[in-house]
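All remarks here apply to the structure that follows.
What follows draws every value from the coordinates through simple rules; no lab data is involved. Treat the numbers as computed from the prediction; the structure is a model and nothing was measured. When we count neighbours, we look across all protein chains shown, and the Cβ atoms used for this are built from the backbone with ideal geometry, even at glycine.
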Amino acid sequence: MGASAKDLEDFYKSPSSGTKAASDNEYNLLGQISGELKIAYDNRVSKYPELVEAVTRNSLLWTIFAAEAADQRNGLSEEIRAKIFWLAQYVDLESKNVLRELSGAENLIEINKCIMRGLRESSASI
């Protein structure tokens, strides 16, 4: 924990030697952050700052995903890019709800897991 937006972006973009490596980085980051979200949410009463940090890291990662999806040079279809951008907006809204204790972290974790499954499936076909 404790990585900055720059740290996340650097990790996300390295190694940039291919699609499989990039999807592996995305998969690993989503898994790591999902685990942090689960632990932090389960311990939110006694360790609220850790929840804030995990939710913030997740939001930062989704901001990076949205920026990548908005790039016209991105190789994904326009429909997929639009869905990623929409999901990033939803993650931002849901993150605020989690921090305000209006909802749990389950939706954020499930979104990450769904993307992880998609990455695994697409990685297997490369």
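Based on other C-beta atoms within 10 Å, arrange 99, 93 from fewest to most. Don't skip to the end; give the middle numbers.
Numbers: 99 17, 93 10.
With the fewest neighbours first, 99, 93 line up as 93, 99.
From the phi of every residue in region 46-61, what ³J(HN,Hα) in whole Hz does the Karplus formula 6.51 cos²θ - 1.76 cosθ + 1.60 yield, where θ is phi - 60° and glycine or proline is x?
Karplus-based 3J(HN,Hα) across region 46-61 equals 8, 9, 4, x, 5, 5, 4, 5, 5, 5, 5, 4, 4, 4, 4, 4 Hz.
Under 5 Å between amide H atoms, partner at least 5 residues away or on a different chain: which partners does residue 103 have, H built in plane at 1.01 Å?
Close amide H contacts, sequence-distant or interchain: 98.
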